[in-house]
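The values are calculated or read from the model by the stated rules, or taken from the named source; none is laboratory data. What you are looking at is a predicted structure, and each value in this text was computed from that prediction instead of being measured. Positions of Cβ are backbone-derived with ideal geometry, glycine not excepted, and every protein chain shown enters the neighbour counts. Surface areas here come from the heavy atoms of the whole protein model, side chains and all, with no ligands, DNA or RNA. Shrake-Rupley method; radii C 1.70, N 1.55, O 1.52, S 1.80 Å.
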Amino acid sequence: MSKRFVMGLMGVALVISGLAGCGQTTASKKEQSKPLNVTMPSELQTADPNKATDAYSFYMMRQTTEGLYRLNNSGKVVAGMATKVVKPTANGKTYTLTLRHNAKWSNGDSVTAQDFVTSFRRQVDPTTKAQYANRFATFVNYSAVQTGKKQPSALGVKALGKYKLQIKLSQANPSFNYEAATEYLPVNQKLVKKYGSTYGTNSARVAANGPYVLKKWNGTKTTWEYVKNRHYYAAKSVRLKQINVQVTKDPSTAEKLFAAGKVQETQISGTTIAGVANNAQLKSQMRKTLTTAVTLQYFNPRNKVSANANFRKAANYALNRAQLTQKVNQDGSQPLLNLVAKGVTKDPNNGKDFAVSTGNYTRHNDAQAKKLWAQAKKELGGGKQTITLLTNDSDGTKNVAEYIQSQWEKDMPGLTVNISSMPLQQQINKMFKQNFDVSMFGWTGDEPDPTTDLNLFMKGNSVNFANYNDAKYNQLMTAATTETNTKKRMSLLKQANQRAMQVGIFNPVYQQAQVNLVSKKVGGIHYSTFSVAAQYRYAYWK
């Protein structure tokens, strides 16, 4: 499903300003040659949509690669490469889409149905080793292709003509439109054939069909450019000719670049936020908002200490999430109640927010933490125990990790908590190799549905890193995937959420907030709940 790794204190943001067309009375609507300078919190992993796993590569693809649908500047699903948002047939399991005849790649090639077919089959093909092949889990024959029992050509997608695409699902997918707008991205079939596994490893080995073209990126650089795509079907509506991007991991550096006028959009976190809040000029350009992105911990059940259920429960009770979000983060983030963030959707059975309806499973209780830890120590053979908390190296995440370290060691005497901090991609690699004790990571999804978070714990999900298999949980989730009654489906998902909290392999920490600095000289920069990045196609100089 459409989920991506993000660094701690990073996520998506709500729409907090007007529509793109507002406030433009004094601005020219013609193309503007002055470049916009922005920052990115981390390096790009890849420009290949079939292999991307991190949010930042998708931030880039939001500018360069357009799917069948897209999200507009208010976060609403609208037609993209397809001429319209279609209604499925066959009880919600068949989508027949007509593509724009005027859609082209940046190299001049037409965007065809076969580009989508090539992309979808390539991602599910086990030889591609795509870590997120399960984005296509609802497609006909997905499992058979993934396990090598059938060829990729058996996947439920085919071209009915140069500009007509048919997708067949094994079951109706309530989130299909959102995934078609954010996850089901095409590749240029000619370039894939030419470059093979090196497609998208640098800006010269990928083509764009979106508003901008990726330029001057060699696969490892910390700077690159987005240059207006002259072949884009809606190029006339794209105002800025160029966006300059630089990776800036340190929020203090980001704030200084912004204050000096060297960048017009950036993200800040940690203690930098408090400093900005005390600066009247910068505060007026600060946008702080709660998001549906989450920060979680995964306890590796293959590690002696983290496999212990009483240790996991003690670790949960020991965290004072209210203190963490208010005193450490200081960015508007909030404690998670369970695996699903507030604001994702409502429970149709009672009208409450789904997270609230599920219940609060993260209450702080020092006494209970100490009691459970005493039991865990007996089960672990007594004595001193050591565990390593794996995190990424962003400033905000380090502060959170140190707070967790202090809380765990306070409530669990005899436990030593080491912190292992590293670049996000290295952390992701260690998690996929199951080389960790407890890992703390950020996660964001694009669907207004609880499965955006709950699928994490499913058997076979690549982000269920040690593939922990809880039969009851999987039974509930499987039943929910085939349930057509909305109320019954949501009830099953709520039970699954509650079961996941009882097992405790995933420990919810907090619901992320994103803090941006956006220059008052720039308009059209917006953030929406289920859109992970601003879309520069709407940006303009005032």
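Below 14 angstrom from the Cβ of LYS256, what's the summed charge of the other residues (Lys, Arg +1; Asp, Glu -1)?
On the way: positive: LYS249, LYS262; negative: ASP250, GLU255, ASP395.
Taking every other residue near LYS256 into account, the sum is -1.
Distance between the C-alpha centres of the stretch 363-424 and the stretch 294-356: 15 Å, rounded to the whole angstrom. Out of PRO174, THR482, HIS231, whose Cα points farthest toward the positive end of the dipole of the chain (charges: +1 Lys, Arg; -1 Asp, Glu; placed on Cβ)? The Cα lying farthest towards the positive end belongs to HIS231.
When the helices of the chain are scored as -39500 (n - 2.57) per DSSP H run of n ≥ 4 and the total is divided over every residue, the value at 222 nm lands at -8000 deg cm²/dmol. The relative contact order of the chain, computed from alpha carbon pairs under 8 Å that lie at least 6 residues apart in sequence, is 24 percent.
Name the shape class, rounded, prolate or oblate, that the alpha-carbon gyration tensor gives for the stretch 393-542, where a ≥ b ≥ c are the square roots of its eigenvalues, rounded holds for a/c under 1.5, and otherwise prolate holds if a/b is larger than b/c and oblate otherwise.
Working: a/c = 2.16, a/b = 1.13, b/c = 1.91.
Oblate, because a/c is 1.5 or more while a/b does not exceed b/c.
Taking a threshold of 32 Å on the Cα-Cα distance, which of the pairs LYS342/LYS370; LYS249/LYS494; LYS162/LYS521; LYS51/LYS228 fall above it? Could you put the intermediate results ahead of the total?
Values: LYS342/LYS370 29 Å; LYS249/LYS494 37 Å; LYS162/LYS521 44 Å; LYS51/LYS228 24 Å.
Cα-Cα > 32 Å for LYS249/LYS494; LYS162/LYS521; rest within.
Charges were assigned to the Cβ only: +1 to each Lys and Arg, -1 to each Asp and Glu. The resulting dipole of the stretch 304-388 about its Cα centre is roughly 360 debye. Packing-based ranking of 512-520, 405-413, 180-188 yields 180-188, 512-520, 405-413, ordered from highest to lowest mean Cβ neighbour count within 10 Å. Charging the Cβ of each Asp and Glu at -1 and of each Lys and Arg at +1, and nothing else, the dipole of the stretch 385-475 about its Cα centre rounds to 340 debye.
Surface exposure of the stretch 46-117, expressed per residue as accessible area with a 1.4 Å probe, stands at 31 Å². In a reduced charge model with +1 at each Lys and Arg Cβ and -1 at each Asp and Glu Cβ, the chain shows a dipole moment near 1240 debye about its Cα centre.
Tally Lys and Arg at +1 and Asp and Glu at -1 over the other residues with C-beta under 12 Å from the C-beta of VAL305: what net charge comes out? Value of the local net charge: +3.
The alpha-carbon atoms of the stretch 171-258, seen along their principal axes, cover 50, 35, 30 angstrom, with the largest extent given first.
Per-residue packing, averaged as other Cβ atoms within 10 Å, sorts the ranges 240-247, 59-66, 470-477 into the order 59-66, 240-247, 470-477, beginning with the highest.
The stretch 458-484 and the stretch 85-146 have Cα centres lying 24 Å from one another.
A 1.4 Å probe run over the stretch 384-499, with the rest of the protein chains in place, finds 38 Å² accessible per residue.
What's the carbon and sulfur percent of the stretch 51-174's accessible surface, probe 1.4 angstrom, rounded to a whole number? It would help to have the intermediate numbers written out before the result.
Numbers: 2290 of 4800 Å².
Here carbon and sulfur together make up 48 percent of the probe-accessible area.
Express in whole angstrom the spacing between the alpha-carbon centres of the stretch 247-272 and the stretch 494-526. The distance from the Cα centre of the stretch 247-272 to that of the stretch 494-526 comes to 21 Å.
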